[in-house]
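In what follows, a structure is listed as structure tokens, so that the remarks can point back to it.
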Amino acid sequence: MSFSWTRVRAMAGKELTEYRRTGSIISTMAVVPLVFILPPMIEIFTSSASALASGDRLIYMLGIPAIVPAVIAAYAVVGERQQGTLEPVLTTPIRREELLLGKAIAALAPSLLMSYLVYGLALALVEIFASAGAATAVLKGGEIIAQVIFTPLVAGWAIWAGMAISTRTRDARVAQQLGTLVSLPVFIVAALIAFGAIHASLGLVLGLGGALAVLDFVGWRVTSALFDRERLITAGK
Amino acid sequence: MQPVGEPGASALSAVGLCKRFGERVAFEDVTFEVGRGEVFGFLGPNGAGKTTTVRTLATLIKPSAGSATVAGLPLRAENEVEIRRRIAVMPESPGLYLRLSVEENLTCFAHLYELPKPKPRIEAALQAVRLLERRADPCGSLSKGLRQRVCLARALLSDPEILFLDEPTSGLDPVAARDVHELIDGLRRQGVTIFLTTHRLDEAERLCDRVAILNTTLRSIGRPDELRDQLFARTLTVHTLAPLPEPGRVFEGLACVESWRAEDSTSYVLGVSDVTVAAPAAVRALVAAGADVLSVGESRHSLQDVYLELVDEDVEGRRR
Ligand SMILES: Nc1ncnc2c1ncn2[C@@H]1O[C@H](COP(=O)(O)OP(=O)(O)OP(=O)(O)O)[C@@H](O)[C@H]1O
Ligand SMILES: [Mg+2]
């Protein structure tokens, strides 16, 4: 018997319906983007065009795909375990890879939507309201493409890190805090680039992108290997 | 439906099955066989290892020793997915998604089983537990008993070959429990093999073809009436209006009466080998002796007596 997309979809669909009805996830989705759009906006609207020339302020907004999916994914397994819903799911024919991929897709979809939406909003604000000099300094084709490509790569890392933690912790809150912590390095690199502390050469960008792509790919396998049915069902409640 | 106990027709079997959690033995040396279409009761006190046995057979946890066959497949890692496709488990706690409606819960599971036509199956399952009109309610708004029924409907969705029910009637009101019993009867008629753990001995006696009594190890296994006969001699209890002057002369030497004792001044307990011979003989002898007979009855031991006898033995054994 082979991998079943029906089961992946069933799991993802269930998760998305639950998120829509979970207040804490909705508020995370609302608050986190604010935290990451405000600093670059304040900077862009208060600095001179020459000060904005180095760095890429909007890269700071990669904090959204770094943090939002990490928080959701960190809850994904341990949350079900705490609610006692994991056992019935695990008695169905679902494989751990299917379960985890379903949950990952469910964490990815709203995170990407939110990240792109807020990024689009930021671009529009700069285009419409910033001074001509500031707009030229900030809106660069290469940087926009980089942001579009890095958003899912960063989200992927955040999801697998969060989910790996989720399969190995007993407490949902602890998992969410650890998940945020693990996503932090990615965000810190982004922030350093944003404010010009690190110069983002093409080589560095390609290197980072490649590393994230590899991590996203192995993340699924590593997390699946960490997912131990017996431990999840029996180890201390 | 295949006849119960036919060789090669076993739906479920375990040989020397054992599960340890570190030092603690959850159950050990468990050997049994369940025929296709049989309702098999798994009884035992708290902590006896019933839930752990169900989880082991349902591929959720790995046995520490021994082997098992589930729905025709050896219990091995490579068969896990296929075994899970053929069975369904109603776990001890319902584990429903409380933010989802009854129907959304079942739909998710129907897809996890890759059912080709989920809608009619969901309706049939809800119908079976009489929950059709609550289908749109969030599970979080249901009472404990109703959640239990949703959980049962979820276990019925995939038309399993073997249904594991872990205390399906715990916490249900008498009417709801009776509904569940009727449902189990119906499933038995359809030929579904049922593995039922319970504390309710009346339930086991009424529903199960055979029962096993577990207390870490298997203490006994057989039909409820067989277990009774194995453990307890059959007895007749005689009540008379007045004390018999010479009870020994009345009861000794009667056909099929093996022993007698006076319980109090007007009642006597006879150990008998065949009630149908001993009862009429005793009545004739009493009448001939001029006694006024109030009643002669077979004392029936219930499964509860069997259970208490076995489990108490264990407790006493441990104290020693
Ligand atoms: N994860 C675990 N780690 C350690 N011991 C465990 C674990 N799970 C179960 N046990 C132990 O194994 C034994 C059997 O437990 P189990 O839950 O199977 O009992 P049960 O017969 O279902 O009891 P109940 O009637 O209370 O439901 C108990 O002593 C229990 O404490
Ligand atoms: Mg139990």
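Worth pointing out:
- Residue in the stretch A:6-26 that is away from every other protein chain (no Cβ under 14 Å) and open to solvent by 30 Å² or more (accessible area, probe 1.4 Å) present: no
- Every residue from the stretch B:18-60 that is hydroxyl-bearing (Ser, Thr, Tyr) and more than 7 Å from ligand 1 (Cβ to nearest atom): B:THR31, B:THR56, B:THR59
- Filtered by the rule that a residue be closer than 20 Å to A:GLY102 by Cα, open to solvent by less than 40 Å² (accessible area, probe 1.4 Å) and not aromatic (Phe, Trp, Tyr), the stretch A:203-236 gives A:ASP216, A:GLY219, A:THR223, A:SER224, A:ARG229, A:LEU232, A:ILE233.
- Any hit, the stretch B:229-236, residues being under 24 Å from B:ALA88 (Cα atoms) and open to solvent by 20 Å² or more (accessible area, probe 1.4 Å): no
- Residue list for the stretch A:167-185, filter: surrounded by 14 or more Cβ atoms within 10 Å (Cβ to Cβ) and over 30 Å from A:ARG229 (Cβ atoms): A:LEU184
- Top-ranked residue in the stretch B:52-92 [being assigned to a helix (DSSP H, G or I), within 15 Å of B:LEU163 (Cβ to Cβ) and more than 16 Å from ligand 2 (Cβ to nearest atom); ranked as most open to solvent (accessible area, probe 1.4 Å)]: B:ARG85
- Counting the residues of the stretch A:99-118 that are open to solvent by less than 10 Å² (accessible area, probe 1.4 Å) and over 17 Å from A:ALA161 (Cα atoms) gives 1.
- For the stretch B:117-140, a residue qualifies if it is among the small types (Gly, Ala, Ser) and within 18 Å of B:ASP173 (Cα to Cα), and exactly one does: B:ALA128.
- Of the residues B:GLY49, B:GLY95, the single one that is over 30 Å from B:LEU227 (Cα atoms), within 16 Å of ligand 2 (Cβ to nearest atom) and within 14 Å of chain A (Cβ to nearest Cβ) is B:GLY95.
- Selection within the stretch B:98-107 - at the interface with chain A (Cβ under 9 Å from one of its Cβ atoms), hydrophobic (A, V, I, L, M, F, W, C) and open to solvent by less than 10 Å² (accessible area, probe 1.4 Å): B:LEU100
- Matching helices (runs of 4 or more DSSP H) fully within the stretch A:153-237 where at least 2 residues are within 16 Å of ligand 2 (Cβ to nearest atom): A:229-234
Condition check ((1) within 16 Å of ligand 1 (Cβ to nearest atom); (2) without any contact (Cβ under 8 Å) to a residue 40 or more places away in the chain; (3) within 14 Å of chain A (Cβ to nearest Cβ); (4) among the aromatic types (Phe, Trp, Tyr)) across all residues:
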| site | (1), (2), (3), (4) |
| --- | --- |
| B:GLU182 | no, yes, no, no |
| B:ASP202 | no, no, no, no |
| B:LEU207 | no, no, no, no |
| B:THR216 | yes, no, no, no |
| B:ALA233 | no, yes, no, no |
| B:ARG261 | no, yes, no, no |
| B:SER267 | no, yes, no, no |
| B:VAL275 | no, no, no, no |
| B:ALA281 | no, yes, no, no |
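- Residue ID - nearest to the other protein chains (Cβ to nearest Cβ), chosen from residues in the stretch B:155-175 that are more than 16 Å from ligand 2 (Cβ to nearest atom), in contact with a Leu (Cβ under 9 Å, 6 or more places away or on another chain) and open to solvent by 10 Å² or more (accessible area, probe 1.4 Å): B:SER158
The values are calculated or read from the model by the stated rules, or taken from the named source; none is laboratory data. In this text, all values refer to a predicted model and were calculated from it rather than measured experimentally. Heads up, the Cβs are rebuilt from the backbone with ideal geometry, glycines too, and the neighbour counts pull from every protein chain shown. The area values use the complete protein model at the heavy-atom level, side chains included, leaving out ligands, DNA and RNA. Shrake-Rupley method; radii C 1.70, N 1.55, O 1.52, S 1.80 Å.
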